[in-house]
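Asks: First, the structure itself, so that you have it in front of you.
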Amino acid sequence: VNAKPGTIDLGALGSTRMACPDMTLEQNVLGALAQVKGYKKMGKENMALCNASNRPVVILAKKAADVKVADLQGEWKITEAVPTGMEKQPFIAFDVKEQRVHGNAGCNLINGGFKIEEGNALSISFPGMASTMTAWLDMETEGTIMGALNEVKSFGKLAGGGIGLYDANGTLVLVLVKK
(Lines give C-alpha, C1' and ligand atoms only; values in the text may rest on other atoms or scores of the structure.)
Protein backbone atom coordinates (compact mmCIF):
# COMPACT_ATOMS: atom_id res chain seq x y z
CA VAL A 1 0.00 0.00 0.00
CA ASN A 2 1.45 3.37 -1.01
CA ALA A 3 0.88 6.32 1.27
CA LYS A 4 1.78 8.89 -1.40
CA PRO A 5 -1.35 10.56 -2.83
CA GLY A 6 -1.88 9.81 -6.50
CA THR A 7 -0.18 6.42 -6.39
CA ILE A 8 -1.79 3.02 -6.56
CA ASP A 9 -0.58 -0.49 -7.24
CA LEU A 10 -3.30 -2.94 -8.20
CA GLY A 11 -1.02 -5.93 -7.59
CA ALA A 12 -1.73 -9.29 -9.15
CA LEU A 13 -5.07 -9.32 -10.96
CA GLY A 14 -7.15 -12.39 -11.59
CA SER A 15 -10.09 -13.13 -13.81
CA THR A 16 -12.38 -16.00 -14.58
CA ARG A 17 -11.16 -18.38 -17.28
CA MET A 18 -14.20 -18.23 -19.52
CA ALA A 19 -13.21 -18.47 -23.17
CA CYS A 20 -15.00 -15.88 -25.28
CA PRO A 21 -14.94 -15.85 -29.09
CA ASP A 22 -12.86 -12.63 -29.07
CA MET A 23 -10.54 -12.14 -26.08
CA THR A 24 -8.84 -9.01 -27.49
CA LEU A 25 -10.74 -6.45 -25.40
CA GLU A 26 -10.31 -8.43 -22.19
CA GLN A 27 -6.59 -8.91 -22.82
CA ASN A 28 -6.20 -5.18 -23.53
CA VAL A 29 -8.01 -4.21 -20.33
CA LEU A 30 -6.00 -6.64 -18.17
CA GLY A 31 -2.76 -5.49 -19.85
CA ALA A 32 -3.59 -1.84 -19.17
CA LEU A 33 -4.53 -2.53 -15.54
CA ALA A 34 -1.25 -4.36 -15.00
CA GLN A 35 0.61 -1.13 -15.91
CA VAL A 36 -1.25 1.07 -13.40
CA LYS A 37 0.95 2.84 -10.85
CA GLY A 38 -1.00 6.04 -10.23
CA TYR A 39 -4.21 7.95 -10.75
CA LYS A 40 -5.31 11.50 -11.44
CA LYS A 41 -8.56 13.38 -11.92
CA MET A 42 -9.49 14.20 -15.49
CA GLY A 43 -12.15 16.85 -15.79
CA LYS A 44 -15.11 16.98 -13.46
CA GLU A 45 -16.35 13.39 -13.66
CA ASN A 46 -13.47 11.21 -14.94
CA MET A 47 -10.49 9.55 -13.32
CA ALA A 48 -7.38 8.34 -15.14
CA LEU A 49 -5.37 5.30 -14.08
CA CYS A 50 -1.78 6.05 -15.12
CA ASN A 51 1.36 4.05 -15.83
CA ALA A 52 4.78 4.67 -14.24
CA SER A 53 5.33 7.59 -16.65
CA ASN A 54 2.09 9.19 -15.38
CA ARG A 55 0.43 8.63 -18.77
CA PRO A 56 -3.24 7.52 -18.69
CA VAL A 57 -3.74 3.88 -19.64
CA VAL A 58 -7.37 3.58 -18.46
CA ILE A 59 -9.99 6.33 -18.22
CA LEU A 60 -12.78 5.74 -15.71
CA ALA A 61 -16.07 7.59 -16.22
CA LYS A 62 -18.39 7.98 -13.27
CA LYS A 63 -21.41 5.73 -13.67
CA ALA A 64 -24.69 7.58 -13.74
CA ALA A 65 -27.07 6.70 -10.94
CA ASP A 66 -29.65 4.11 -11.98
CA VAL A 67 -32.32 6.19 -10.31
CA LYS A 68 -32.67 9.96 -10.02
CA VAL A 69 -34.49 12.17 -7.52
CA ALA A 70 -37.00 13.02 -10.27
CA ASP A 71 -37.95 9.32 -10.38
CA LEU A 72 -39.37 9.66 -6.85
CA GLN A 73 -42.20 11.95 -8.03
CA GLY A 74 -45.64 10.68 -7.05
CA GLU A 75 -47.13 8.35 -4.46
CA TRP A 76 -45.36 5.27 -3.04
CA LYS A 77 -46.67 2.57 -0.72
CA ILE A 78 -44.39 1.96 2.27
CA THR A 79 -44.06 -1.81 2.37
CA GLU A 80 -41.09 -2.54 4.65
CA ALA A 81 -41.83 -2.87 8.39
CA VAL A 82 -45.57 -2.71 7.74
CA PRO A 83 -47.75 -5.51 9.12
CA THR A 84 -50.49 -6.97 6.96
CA GLY A 85 -54.09 -6.14 7.70
CA MET A 86 -53.54 -2.48 8.54
CA GLU A 87 -56.63 -0.33 8.18
CA LYS A 88 -54.73 2.31 6.18
CA GLN A 89 -51.83 1.52 3.84
CA PRO A 90 -48.88 3.72 4.83
CA PHE A 91 -47.64 5.81 1.90
CA ILE A 92 -45.40 8.73 1.06
CA ALA A 93 -45.87 11.14 -1.83
CA PHE A 94 -43.00 13.18 -3.26
CA ASP A 95 -43.31 16.63 -4.85
CA VAL A 96 -39.80 16.73 -6.31
CA LYS A 97 -40.04 20.30 -7.65
CA GLU A 98 -40.99 21.68 -4.22
CA GLN A 99 -38.83 19.15 -2.31
CA ARG A 100 -41.83 18.32 -0.12
CA VAL A 101 -43.40 15.05 1.02
CA HIS A 102 -46.72 14.10 2.55
CA GLY A 103 -48.40 10.83 3.33
CA ASN A 104 -49.78 8.55 5.97
CA ALA A 105 -47.74 6.59 8.50
CA GLY A 106 -50.59 4.20 9.30
CA CYS A 107 -52.85 6.41 11.34
CA ASN A 108 -51.50 9.95 11.27
CA LEU A 109 -50.77 12.21 8.33
CA ILE A 110 -47.10 13.04 7.78
CA ASN A 111 -45.71 16.18 6.14
CA GLY A 112 -42.30 17.67 5.62
CA GLY A 113 -39.52 18.27 3.19
CA PHE A 114 -36.54 16.38 1.90
CA LYS A 115 -32.98 17.45 1.18
CA ILE A 116 -30.43 16.26 -1.33
CA GLU A 117 -26.69 16.55 -0.68
CA GLU A 118 -24.97 18.60 -3.40
CA GLY A 119 -22.83 16.37 -5.61
CA ASN A 120 -24.32 13.10 -4.32
CA ALA A 121 -27.09 11.99 -6.68
CA LEU A 122 -28.40 9.28 -4.34
CA SER A 123 -28.43 11.24 -1.08
CA ILE A 124 -31.71 12.10 0.57
CA SER A 125 -32.82 13.01 4.08
CA PHE A 126 -36.11 14.02 5.69
CA PRO A 127 -35.36 16.71 8.29
CA GLY A 128 -38.23 18.08 10.31
CA MET A 129 -40.94 15.55 9.45
CA ALA A 130 -44.16 16.25 11.32
CA SER A 131 -47.24 14.16 11.93
CA THR A 132 -50.73 14.73 13.23
CA MET A 133 -51.21 13.48 16.78
CA THR A 134 -54.21 11.17 16.52
CA ALA A 135 -53.98 8.48 19.19
CA TRP A 136 -54.32 4.97 17.78
CA LEU A 137 -54.42 1.57 19.44
CA ASP A 138 -51.33 0.33 17.60
CA MET A 139 -48.75 3.08 17.15
CA GLU A 140 -45.80 0.68 16.71
CA THR A 141 -45.82 0.73 12.89
CA GLU A 142 -46.12 4.50 12.82
CA GLY A 143 -43.20 4.86 15.24
CA THR A 144 -41.12 2.50 13.10
CA ILE A 145 -41.85 4.48 9.92
CA MET A 146 -41.18 7.89 11.49
CA GLY A 147 -37.99 6.58 13.13
CA ALA A 148 -36.79 5.12 9.84
CA LEU A 149 -37.50 8.37 7.93
CA ASN A 150 -35.38 10.24 10.48
CA GLU A 151 -32.45 7.89 9.74
CA VAL A 152 -32.61 7.92 5.91
CA LYS A 153 -29.48 9.20 4.16
CA SER A 154 -29.70 7.66 0.67
CA PHE A 155 -31.94 5.86 -1.78
CA GLY A 156 -31.56 3.41 -4.63
CA LYS A 157 -33.42 1.19 -7.05
CA LEU A 158 -34.15 -2.34 -5.77
CA ALA A 159 -33.53 -5.39 -7.94
CA GLY A 160 -37.13 -6.58 -7.58
CA GLY A 161 -38.52 -3.12 -8.36
CA GLY A 162 -39.30 -0.26 -6.05
CA ILE A 163 -37.03 2.13 -4.18
CA GLY A 164 -34.99 1.36 -1.09
CA LEU A 165 -34.31 4.02 1.55
CA TYR A 166 -31.06 3.45 3.46
CA ASP A 167 -29.56 4.75 6.70
CA ALA A 168 -26.00 6.13 7.08
CA ASN A 169 -24.62 2.57 7.34
CA GLY A 170 -26.25 1.55 4.06
CA THR A 171 -28.85 -0.58 5.84
CA LEU A 172 -32.22 -0.80 4.11
CA VAL A 173 -34.78 0.80 6.42
CA LEU A 174 -37.83 1.35 4.17
CA VAL A 175 -39.07 -0.05 0.88
CA LEU A 176 -41.25 2.08 -1.40
CA VAL A 177 -43.42 0.57 -4.14
CA LYS A 178 -45.14 2.82 -6.68
CA LYS A 179 -48.88 3.11 -6.02
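Asks: With the checklist (1) surrounded by 13 or more Cβ atoms within 10 Å (Cβ to Cβ); (2) assigned to a strand (DSSP E or B) in hand, flag the one item Val67 doesn't pass.
Replies: Unmet for Val67, out of (1) surrounded by 13 or more Cβ atoms within 10 Å (Cβ to Cβ); (2) assigned to a strand (DSSP E or B): (2).
Asks: Name the pairs whose Cβ atoms lie under 9 Å apart, with the first residue in the range 18-30 and modelled with pLDDT of 75 or more, the second assigned to a loop (DSSP other than H, G, I, E, B) and not acidic (Asp, Glu), and 6 or more positions between them or separate chains?
Replies: Sorted first by the residue in the range 18-30, then by its partner, the pairs are Glu26/Ser15; Glu26/Cys20; Leu30/Leu13; Leu30/Ser15.
Asks: Could you check, for the range 110-127, whether at least one of its residues is open to solvent by 30 Å² or more (accessible area, probe 1.4 Å), among the charged types (D, E, K, R) and closer than 19 Å to Gln89 by Cα?
Replies: For the range 110-127, residues open to solvent by 30 Å² or more (accessible area, probe 1.4 Å), among the charged types (D, E, K, R) and closer than 19 Å to Gln89 by Cα: absent.
Asks: Turning to a different aspect of this structure: What about Gly106, is it over 14 Å from Val67 (Cα atoms), touching a residue at least 12 places away in the same chain (Cβ under 8 Å) and either assigned to a loop (DSSP other than H, G, I, E, B) or touching a Pro at 6+ places or on another chain (Cβ under 6 Å) (or both)?
Replies: yes
Asks: Name the single residue that is nearest to Ile110 (Cα to Cα) among those in the range 144-161 being at pLDDT 90 or above and part of a helix (DSSP H, G or I).
Replies: If we take residues in the range 144-161 being at pLDDT 90 or above and part of a helix (DSSP H, G or I), then Leu149 is nearest to Ile110 (Cα to Cα).
The values are calculated or read from the model by the stated rules, or taken from the named source; none is laboratory data. Remember, it's a predicted structure, so these values are computed and weren't measured experimentally. All Cβ positions, glycine included, derive from the backbone under ideal geometry; neighbour counts span all protein chains shown. SASA here: full protein model, heavy atoms, side chains in, ligands and nucleic acids out. Shrake-Rupley method; radii C 1.70, N 1.55, O 1.52, S 1.80 Å.
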